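Trainee: If you scroll down you'll find the structure; I have some questions about it.
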Amino acid sequence: MEKTTLEQFALDHLPQVQEYLTLPSVSAQNQGITETCAWLQQQFTDLGAQRVEQWTDQGGNPVLFVEFQGQSDRTVLFYNHYDVQPPEPLDEWKTPAFEPTIQDGRLIARGACDDKGELMCRLTVIKYFQDHGGLPCNLKFIIEGEEEIGSPHIAQYVTAHAADLKADVCIWEGGGKDENENFQIVCGAKGAVSFDLHVKTAAADLHSSLAVYADNAAWRLVQALASLKTPDNHIAVAGFYDDIRPLTAAEQAATQAMDFDEDKVRRNYDLQQPLITKDPKTELVNGTTLTINGLTAGYTGPGSKTIIPKEAHAKLDCRLVPNQDPHKIVHLIQQQLEHNGFGDVQVEYRLGEAAGRSNLEDPFIQMTKTIADQVYGAEQVKLIPNMPGAGPIKPFLDQLHTPIVLVGVRYAGSHPHSPNENIRLQDYQTGTYYLARVLATYGASHH
């Protein structure tokens, strides 16, 4: 398998798969879902898949299931999602969000990196193998349409269809290059839980002169929030850290080998304050958070309005690590608020998913690392125990018992979820070649 040949094939084949980026499959706004499913079904049918099905039995947007026969008894399951984030704010896009544009060696469009580019690369690899003697192993795809709204139905689909999804290994979406141009092989994802706090202190806003005797919902809420965290950033919730399991020796070694350039990070995000941890690498892998996402109370318009707000709201999220349960975490926070004297502050659970991490010493994960060392150069490859973001990995680990690895075509400047989302064509080409090498090597080792 010649690298230049396959990289050229990826570039030549780009127009066929680029149409995928023109479909505005925004799950949050419920648009383009049907058209995108139909387009994907046609693509897989044209590529000669044995099964192409739309699953709708567990509710939510349709889930696509696809199956290909290969030349070995090994089966690789791919996870992707066809939904994308809303394109807003539109005026910050330099080119229209759903008109893929190539500029300065970059392909710019909503979904280019998260995660339509990765599926385009996977379709291209299938096409290449079909044109060159057939697939080296069996392939299955599960492609959901609700990842950008928290994957509320995927766990039910994985449980209900575990027999269909049975595979030896799983390749997830995501991964790519970090700000130091290291190619990352990611082996898991953190969990997350979102919840709201709400407090009401009166039937209506009051004149602020009455603040001598009447409580203020905004003060009540910020004091409740402040009671949950110490000045040194420790989450002051009884039991919050109890279920966290320490990193294994392999996970610790991989974590310490990660790159973290504080100066680069500070410049990249224009951080105004010192970092709140002395060990950012360990925190990125196995650290938890309690984050205020937003606060609303009282009058925030122009001029002054001297009132005591009758109610106040806050949106929060926690990033969780393996073995922490989203429902339990919110319950512990509620208990702590009651214990701190804020029993009147209501806690409303929104959505959550648990963390999951594969065994870094699994032979398949080690194989993906070896091939990456050859393709990208060993000093430019990092094995990452899990990404700091969340994804619905846990049900796959629990139900299918396969190692999961995240490899992709994005880079540090891809701007996922933001205007001018993009991937570099060179990363796309090399990523296509890398994936083909992984499939060919895996198939050949199990005839």
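The values are calculated or read from the model by the stated rules, or taken from the named source; none is laboratory data. If you're wondering where the values come from, they're calculated on a predicted model, not measured in any experiment. Glycine gets a Cβ as well: all are built from the backbone with ideal geometry, and neighbour counts include every protein chain shown. Accessible surface areas use protein heavy atoms only, side chains included; no ligands, DNA or RNA. Shrake-Rupley method; radii C 1.70, N 1.55, O 1.52, S 1.80 Å.
Trainee: Of the residues that sit in region 364-397 and are β-branched (V, I, T) and either in a strand (DSSP E or B) or open to solvent by 20 Å² or more (accessible area, probe 1.4 Å) (or both), which one is farthest from Q429 (Cα to Cα)? Give the steps one after another, and end with the answer.
Mentor: Residues of region 364-397 β-branched (V, I, T): 365, 368, 370-371, 375, 381, 384, 393.
Narrowing further to those that are either in a strand (DSSP E or B) or open to solvent by 20 Å² or more (accessible area, probe 1.4 Å) (or both): 370, 375, 381, 384.
Details: T370: 19, V375: 12, V381: 17, I384: 22 Å.
Across region 364-397, the extreme among qualifying residues is I384.
Trainee: Consider only pairs whose beta carbons are under 7 Å apart and that are at least six residues apart or on different chains; among these, list those whose first residue lies in region 201-230 and is in contact (Cβ under 8 Å) with a residue 24 or more places away in the chain and whose second residue is β-branched (V, I, T) and open to solvent by 60 Å² or more (accessible area, probe 1.4 Å).
Mentor: As it stands, the answer is S208/T306; L225/I292, since those pairs meet every condition given.
Trainee: Against the definition (outside any helix (DSSP H, G or I), within 22 Å of G391 (Cβ to Cβ) and in contact (Cβ under 8 Å) with a residue 12 or more places away in the chain), how does F98 come out, yes or no?
Mentor: No: the conditions fail for F98.
Trainee: Among S194, S208, S227, which is the only one that is of a type in the set (S, T, Y), open to solvent by less than 50 Å² (accessible area, probe 1.4 Å) and within 30 Å of P87 (Cβ to Cβ)? It would help to see each step written out before you state the result.
Mentor: Working: S208 fails: within 30 Å of P87 (Cβ to Cβ); S227 fails: within 30 Å of P87 (Cβ to Cβ).
That would be S194, the only listed residue that is of a type in the set (S, T, Y), open to solvent by less than 50 Å² (accessible area, probe 1.4 Å) and within 30 Å of P87 (Cβ to Cβ).
Trainee: Please work out if V285 is touching a residue at least 24 places away in the same chain (Cβ under 8 Å) and more than 30 Å from I384 (Cβ to Cβ).
Mentor: Working: touching a residue at least 24 places away in the same chain (Cβ under 8 Å): yes; more than 30 Å from I384 (Cβ to Cβ): no.
Considered against the rule, which asks whether it is touching a residue at least 24 places away in the same chain (Cβ under 8 Å) and more than 30 Å from I384 (Cβ to Cβ), V285 comes out as no.
Trainee: Can you spot a residue in region 313-332 that is of a type in the set (G, A, S) and out of contact with any helix residue (DSSP H, G or I) (no Cβ under 8 Å at 6 or more places or on another chain)? Can you show your working first?
Mentor: Taking region 313-332 as the starting set, the residues that turn out to be of a type in the set (G, A, S) are 314.
Checking which are out of contact with any helix residue (DSSP H, G or I) (no Cβ under 8 Å at 6 or more places or on another chain) leaves us with none.
No, because not a single residue in region 313-332 is of a type in the set (G, A, S) and out of contact with any helix residue (DSSP H, G or I) (no Cβ under 8 Å at 6 or more places or on another chain).
Trainee: So, one more: Hey, can you tell me all the residues within region 412-428 that are open to solvent by less than 20 Å² (accessible area, probe 1.4 Å), in a helix (DSSP H, G or I) and touching a helix residue (DSSP H, G or I) at 6+ places or on another chain (Cβ under 8 Å)?
Mentor: Within region 412-428, Y428 is the sole residue that qualifies.
Trainee: Also, I was wondering about something else. Six or more apart or on different chains, Cβ under 6 Å: which pairs go from a residue in region 332-361 that's open to solvent by less than 90 Å² (accessible area, probe 1.4 Å) to one that's among the hydroxyl-bearing types (S, T, Y)? Could you list them?
Mentor: Partner pairs satisfying both residue conditions: N340/S227; L351/S194.
Listed here are the residues, each with its yes/no results for (1) in contact (Cβ under 8 Å) with a residue 12 or more places away in the chain; (2) part of a helix (DSSP H, G or I).
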{"residue": "V17", "(1), (2)": "yes, yes"}
{"residue": "P24", "(1), (2)": "yes, no"}
{"residue": "A38", "(1), (2)": "no, yes"}
{"residue": "G60", "(1), (2)": "yes, no"}
{"residue": "L64", "(1), (2)": "yes, no"}
